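Note sheet for the following structure.
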Amino acid sequence: MISRAILPLILAATPLTAAGQEVPSVDPLRYPSLGGNIRGEVHMLPPVSTGPMSPSWSPDGRSIVFAMAGDLWQADLDGGPVRQLTEGPWYHFEPAWSPDGRWIAMSVEAGDGLDLALLEVASGKVRILVSNPGVDVQPAWGPEGRFVYFAAASSGSFDILRVAVDSGAQELVEGGRGNQIQPWVSEAGELAWVAPAPGISGSGGLWRRPVGGAPATLVHAEETAYRARPRWVPGRNALLFVSDAGGSNDLVLVSGQGGNTLRLTSTSAHELTPAVDPTGNRIAFVSSDGGPTRLYVMAVGGGEESAWTEIPTEARIYQAERGHLSGRVLDATGQEVSARISITGSDGRAYSPPDAFHKVIAATETHHFRTGGTFSLGLPPGPATISVRKGLEYEPVIETVAIEAGATTTVDIALERLIDASAMGWVGGDTHAHDLHQGRIPLTSESFFQQLEAEDLAVTIALIHMDGTRLMGRWEDMTGEPSPLSTERHKLQYSQEFRGSFGHVGLAGIRRFVTPFIGGAANTPWSPDVLNADYLLAAREQGGLGGFMHPFNGSVATPRAVSVSEIPVDVALGLGDFYDVICYWYDELANAEMYYRLLNAGFRLAATGGTDNFSDVWRDPGPGASRTYALVEGPVTVEGWLDGIRTGNTFATNGPLLFATVGGLPPGGEIVRRAGEEGFVPVGVDVASTTPVSRVEVIANGQVVFSADTEDRTGRFRVETDIAVTGSAWVAVRALGPPSPWVSDSYAFAQTTPVWIVQDGMPFVSPDDVAFLLEAVEEFRNRVTERDRWVGNNGRDRFLARVDSAAAVYKALLDGPRNRDR
């Protein structure tokens, strides 16, 4: 029984099974064939870009075909509007013009995967060329025009295959460990591609070999990020590729024999997807300085930006006449307000304004863009659906409008609040967002902050870190104070993520970096293993907080599986203030299972949510997909929000809001009992959710002791129950729901920090869970000893001594009187 009003309604407590019941779920990665390769999906797969991408020259050098807004377009270099070559409902990417000019190969999203197709230039007809399970991308023609080479992933990493255009027969060209990607074949039949290089981090170095001939030769090795895209220069033994070694993506030449590189561009913008014309004299490429990409041509020798020739793409000739949609998003006062918008045209395809950053949430394949309050774009005639979302506290809106050819449709969309949590003292934020993460767009601070406003994030902790040896962020953003962009409603503060070999930790509220940024990273100066515990302690010494980011990826069923993480060690050492139960990339129920084990060992950690999103990539859920709500006294400040986490007055969520009390206390509270005080404890939960909620559950000591079937309810309602508690315990509340377009994750989930019930000064401790964690620490010790990544005995001895201290804590818990058989 559920009451929608805020009236007492006691539901009978029903003992149930252990936590971890199944809910409908989908993988947060769209393409399971990538084998969980997050970097591969977010960085390498082709985007639906509102600006031009992936230019390819016609054989006569007079035209360029490129991808834009889900279609292929042709620009004639003698001038005039660009012409649309394809149309929906498919998305079309990565064109490659055949040597005879008859065909354009491309990757397409026509169904569940990415396939290869051929466009016949003369007729405009399209046919599928390759449709393997998984992902087929990056088509490149052989010099004779008989084969198309491509990268394919069907069971994890990418291999390079080729397909015969006439028969469709496929054969492996390059395989092996790691990703073999971005093939290109010279006019002499020499294959160039990107693959792992010995001693180098990143996505790989540049390799070459004759097709079907001699062994591969490494041409050039540097730390790349899926952008290299090597291209032979006709008439020269040289490769053109993209390098970010200079701090931004630039075009670079290197001899086919290796040696020194020649940097052709040197702007702060990103230059990407280069193509060399058939004569070897000109390069077509795209560039972005923070907005949509633009198409340029320059001499093969490079030059300053003033020497580039821009190819305009704003004037367009469509295959069929378009209509126009112009709209505003308004708040309750009639003021324009930022929001996230999805627009689906009559062809079933998603569209964005030409100046917007088109993005997609992989878990639900929800295409979207963000607006400051207004939007304007062209659409095919017919019905169009507009979906508007602003965080978790506004009711989402769906409207259908009619688009007429040659006419403009206008619409005002008014948003209404479901709830104002901050007015109740509950402030929503994200413990783990990233602004810069090697995306195609050099996201400005202002554009990033607009994303935070559109998602209605009151507090955002943006973490600067290092991936490989590349800094993800700006040194100057670390100030220990809110960003100057912060407003009364939205606060942004930069901090740090430390990335070790045994998990990542977030350091929030610190004033200066704790260096080095990485540890245990092969092929870098920081290859020795170091303890995350040192960074958690350093954050505390600065007056900040330390917590566990995306704690576990995979099974947590055995101590051996858990031993990949340092978390059981750190918690036993008294370090770590919060635990991201919810993170977009990993399974919430698995992370909750480990959270419950840690609580069952008597440790207190705030339940938090941190997205770990990459705001400058196109396959990205956006900041605030995973959120932390903290109870804050007084005005909203970053420090006040962190204090709420410090005291455990929190709940984590990706959709449902849970305002729960146990014995009248909010999460993080403590009920003190004397001997003989037993009986029922009231639990009340006010739920506010824009996404369906299937169940609201009460968890006590890691077990589900009460479950209310809420029948996929949305809106506001209340659940109440009394639970019998004997002795010491901890009690928390969680909610689960099915996949939904309003959830930027695989399924809806929310989890509160517990209220602790302590009798006779002895918190509840489960010997079984303590023994599990002790075994995990011992397995961890075995793992790091076998790995042996230290330099000298001092580092080794100090590391292992800390691990042994953690093990001693668990042994003392097993030997001591803290736990009683209740």
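The values are calculated or read from the model by the stated rules, or taken from the named source; none is laboratory data. Not measured: the values here are computed from a predicted model. Cβ: placed from backbone, ideal geometry, glycine included. Neighbour counts: every protein chain shown. For the accessible areas, the whole protein counts, side chains as well, though only heavy atoms, and no ligand, DNA or RNA atoms are used. Shrake-Rupley method; radii C 1.70, N 1.55, O 1.52, S 1.80 Å.
Could you please find all residues in the stretch 470-486 being in a loop (DSSP other than H, G, I, E, B) and surrounded by fewer than 17 Cβ atoms within 10 Å (Cβ to Cβ)?
If the condition is that a residue be in a loop (DSSP other than H, G, I, E, B) and surrounded by fewer than 17 Cβ atoms within 10 Å (Cβ to Cβ), then Arg474, Thr479, Gly480, Glu481, Pro484, Leu485 are the ones that fit.
Glu144 - would you say it is in a loop (DSSP other than H, G, I, E, B), surrounded by 14 or more Cβ atoms within 10 Å (Cβ to Cβ) and of a type in the set (Asp, Glu)?
no
Looking at Ile419, Ile461, Ile441, Ile403, which one is buried (at least 20 other Cβ atoms within 10 Å of the Cβ) and at pLDDT below 95?
Details: Ile419 fails: at pLDDT below 95; Ile461 fails: at pLDDT below 95; Ile403 fails: at pLDDT below 95.
So the residue among Ile419, Ile461, Ile441, Ile403 that is buried (at least 20 other Cβ atoms within 10 Å of the Cβ) and at pLDDT below 95 is Ile441.
Yes or no, residue by residue, for (1) within 20 Å of Ile419 (Cβ to Cβ); (2) modelled with pLDDT under 95; (3) touching a Lys or Arg at 6+ places or on another chain (Cβ under 6 Å); (4) open to solvent by less than 10 Å² (accessible area, probe 1.4 Å):
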residue	(1), (2), (3), (4)
Thr690	yes, no, no, no
Gln703	no, no, no, no
Thr726	no, yes, yes, no
Ala735	yes, no, no, yes
Phe749	yes, no, no, yes
Glu779	no, no, yes, no
Arg783	no, no, no, no
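Filter the stretch 387-400 down to the residues that are open to solvent by 10 Å² or more (accessible area, probe 1.4 Å) and among the hydrophobic types (A, V, I, L, M, F, W, C) and list them by number.
Those that are open to solvent by 10 Å² or more (accessible area, probe 1.4 Å) and among the hydrophobic types (A, V, I, L, M, F, W, C): Val397, Ile398.
What number goes with the only condition from (1) over 32 Å from the mean Cα position of the chain (by Cα); (2) open to solvent by 20 Å² or more (accessible area, probe 1.4 Å) that Val770 does not pass?
Condition not satisfied by Val770: (2).
Being more than 25 Å from Val743 (Cα to Cα), of a type in the set (D, E, K, R) and not in a loop (DSSP other than H, G, I, E, B), is that true of even one residue in the stretch 622-629?
Of all residues in the stretch 622-629, those more than 25 Å from Val743 (Cα to Cα) come to none.
So far as the stretch 622-629 goes, no, none of its residues is more than 25 Å from Val743 (Cα to Cα), of a type in the set (D, E, K, R) and not in a loop (DSSP other than H, G, I, E, B).
Scan the stretch 233-278 residue by residue and report those that are more than 28 Å from Pro99 (Cβ to Cβ), modelled with pLDDT of 95 or more and surrounded by fewer than 15 Cβ atoms within 10 Å (Cβ to Cβ).
Listed by number, the residues that qualify are Gly259, Asn260, Arg263.
Residues checked against (1) over 22 Å from Asn794 (Cβ atoms); (2) buried (at least 24 other Cβ atoms within 10 Å of the Cβ):
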{"position": "Gln496", "(1), (2)": "yes, yes"}
{"position": "Gly509", "(1), (2)": "yes, no"}
{"position": "Thr524", "(1), (2)": "no, no"}
{"position": "Val530", "(1), (2)": "no, no"}
{"position": "Asp570", "(1), (2)": "no, yes"}
{"position": "Val581", "(1), (2)": "yes, yes"}
{"position": "Trp585", "(1), (2)": "yes, no"}
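Being assigned to a loop (DSSP other than H, G, I, E, B) and in contact with a strand residue (DSSP E or B) (Cβ under 8 Å, 6 or more places away or on another chain) narrows it down to one residue among Gly684, Gly668; which is it? Please lay out each step first, then the result.
Working: Gly684 fails: assigned to a loop (DSSP other than H, G, I, E, B).
Among Gly684, Gly668, only Gly668 is assigned to a loop (DSSP other than H, G, I, E, B) and in contact with a strand residue (DSSP E or B) (Cβ under 8 Å, 6 or more places away or on another chain).
Residues in the stretch 190-200 that are surrounded by fewer than 22 Cβ atoms within 10 Å (Cβ to Cβ) and not in a loop (DSSP other than H, G, I, E, B): how many? Can you show your working first?
Applying the first criterion (surrounded by fewer than 22 Cβ atoms within 10 Å (Cβ to Cβ)) to the stretch 190-200 yields 190, 196, 198-200.
From the residues that got through so far, the ones that are not in a loop (DSSP other than H, G, I, E, B) too are 190.
Total meeting the criteria: 1.
Does the stretch 295-315 contain at least one residue that is crowded, with 21+ Cβ neighbours inside 10 Å, of a type in the set (Val, Ile, Thr) and part of a strand (DSSP E or B)?
Scanning the stretch 295-315, I find no residue that is crowded, with 21+ Cβ neighbours inside 10 Å, of a type in the set (Val, Ile, Thr) and part of a strand (DSSP E or B), so the answer is no.
Tell me which strands (runs of 3 or more DSSP E) are completely within the stretch 78-117 and hold 3 or more residues being surrounded by 22 or more Cβ atoms within 10 Å (Cβ to Cβ) and not hydroxyl-bearing (Ser, Thr, Tyr), or say none if there are none.
91-97, 103-109
One residue is enough: does the stretch 279-290 have a residue meeting the conditions assigned to a loop (DSSP other than H, G, I, E, B) and crowded, with 17+ Cβ neighbours inside 10 Å?
Within the stretch 279-290, the subset assigned to a loop (DSSP other than H, G, I, E, B) is 279-281, 289-290.
Okay, now just the ones that are also crowded, with 17+ Cβ neighbours inside 10 Å, so none.
No, there is no match, as no residue in the stretch 279-290 is assigned to a loop (DSSP other than H, G, I, E, B) and crowded, with 17+ Cβ neighbours inside 10 Å.
Counting only residues that are within 18 Å of Trp73 (Cβ to Cβ) and open to solvent by less than 20 Å² (accessible area, probe 1.4 Å), give me the strands (runs of 3 or more DSSP E) lying completely in the stretch 319-386 with at least 2 of them.
Values: elements: 323-330, 339-344, 359-361, 366-371, 374-379.
Filter on the stretch 319-386 gives 374-379.
Say we look at the stretch 638-687 and pick out the residues that are β-branched (Val, Ile, Thr) and open to solvent by 60 Å² or more (accessible area, probe 1.4 Å); which of these is nearest to Arg389 (Cα to Cα)?
Selected residue: Thr647.
Of (1) charged (D, E, K, R); (2) open to solvent by 30 Å² or more (accessible area, probe 1.4 Å); (3) more than 19 Å from Ala332 (Cβ to Cβ), Asp435 satisfies all except one. Which?
(2)
Just one of Ala521, Ala539, Ala533 is closer than 23 Å to Val803 by Cα, out of contact with any strand residue (DSSP E or B) (no Cβ under 7 Å at 6 or more places or on another chain) and either at pLDDT 95 or above or outside any loop (DSSP other than H, G, I, E, B) (or both); which is it?
Within the list Ala521, Ala539, Ala533, the selection yields Ala533.
So which residues in the stretch 118-148 are closer than 22 Å to Gln74 by Cβ, without any contact (Cβ under 8 Å) to a residue 24 or more places away in the chain and not β-branched (Val, Ile, Thr)?
Glu120, Ala122, Ser123, Lys125, Arg127
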